[in-house]
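As structure tokens, the structure follows; a few thoughts come after it.
The values are calculated or read from the model by the stated rules, or taken from the named source; none is laboratory data. Since this is a predicted model, take the numbers as computed values, not measurements. Cβ placement follows ideal geometry from the backbone for every residue including glycine, while neighbour counts extend to all protein chains displayed. Calculation scope for accessible area: heavy atoms of the full protein, side chains included, ligands and nucleic acids excluded. Shrake-Rupley method; radii C 1.70, N 1.55, O 1.52, S 1.80 Å.
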Amino acid sequence: KDIQYIESYCYDKREYARFDSNVGKFVGYTAYGVKNAERWNKDTSLIAGRKAQREAYCLNNVGIYYQVA
């Protein structure tokens, strides 16, 4: 549970939205980001795909990271 997948969306060096696997949904940080996060959170297949990225990417690579360290 200590592994976290984060996908950030930035424009002009400012983060406007983020998907956080611990929260389980998109979070907006600006007015534009909030509107997009609301739209993206309604799409259940998009949310399920992002949650699957944690298992597909993070959990597969954590063993590689700890072997090197």
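Figures for the structure shown
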quantity	calculated
Candidate set from segment 8-34 (those that are more than 16 Å from Thr44 (Cα to Cα) and among the polar types (S, T, N, Q)); member that is nearest to the chain's Cα centre (by Cα)	Ser8
Test for Gln4: is it of a type outside the set (Asp, Glu), at pLDDT below 90, surrounded by 13 or more Cβ atoms within 10 Å (Cβ to Cβ) and touching an Asp or Glu at 6+ places or on another chain (Cβ under 8 Å)	no
Filter result for Ile47 (part of a loop (DSSP other than H, G, I, E, B), touching a helix residue (DSSP H, G or I) at 6+ places or on another chain (Cβ under 8 Å) and either acidic (Asp, Glu) or modelled with pLDDT under 95 (or both))	no
Of all residues making up segment 34-53, the number that are open to solvent by 80 Å² or more (accessible area, probe 1.4 Å) and in contact with a strand residue (DSSP E or B) (Cβ under 6 Å, 6 or more places away or on another chain)	0
Residues of segment 9-33 classified as open to solvent by 60 Å² or more (accessible area, probe 1.4 Å) and not charged (D, E, K, R), total	7
